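Before any comments, here is the structure.
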Amino acid sequence: FFSPTQKEIDVFFPEEEFEASWGTRTKVFAGDYICVPYPELNEIFRVDHQCFLNSYKPLYEPLKQQVNIVNFDETFFWTFLVMKYFAFLVIVFFSLVIHILLILHFLG
């Protein structure tokens with residue numbers, strides 16, 4: 001997870017929102033937490049800043065002083081998004097191929 005500043009939102013979320021895994025457009029606000037389950041990396045979601053602080057606690061004592069405990073890796077973030085949409089396109093492509101083959105089978 002990471003908690004973006006307004007500058008990071010301007011860079012990584014120019015529309016100040018993203019599409020959640022359930023298909024809804026989700027607003028991003030500075031201080032909220034952007035989360036991706038690890039190691040699956042199969043979804044991205046936002047947690048309100050105060051909800052996050054009320055729901056989670058650091059595993060180690062020194063981290064209680066530092067809320068944003070993960071350094072954001074821009075390359076990883078963009079790679080994740082590209083892989084997600086590439087997988088979606090592959091699924092759509094094969095779905096279309098299967099439908100075309102079924103139509104040709106029943107017509108022929």
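Only the coordinates and a few stated rules stand behind these numbers; no lab work does. Quantities reported herein were computed from a predicted structural model and do not represent experimental measurements. No Cβ is skipped: glycine too gets one built from the backbone with ideal geometry, and neighbour counts run over all protein chains shown.
Across the range 6-12, computed HN-Hα scalar couplings (Karplus, 6.51 cos²θ - 1.76 cosθ + 1.60, θ = phi - 60°) run 4, 4, 5, 4, 4, 7, 8 Hz from first to last residue, x flagging Gly and Pro.
A crude spin-label estimate for the pair Ala30 and Gln50, with each label 7 Å from Cα along the Cβ direction, gives 1.9 nm.
Residues whose amide H falls under 5 Å from that of Asp32, counting only those 5 or more places apart or on a different chain, are His49, with hydrogens built in the peptide plane.
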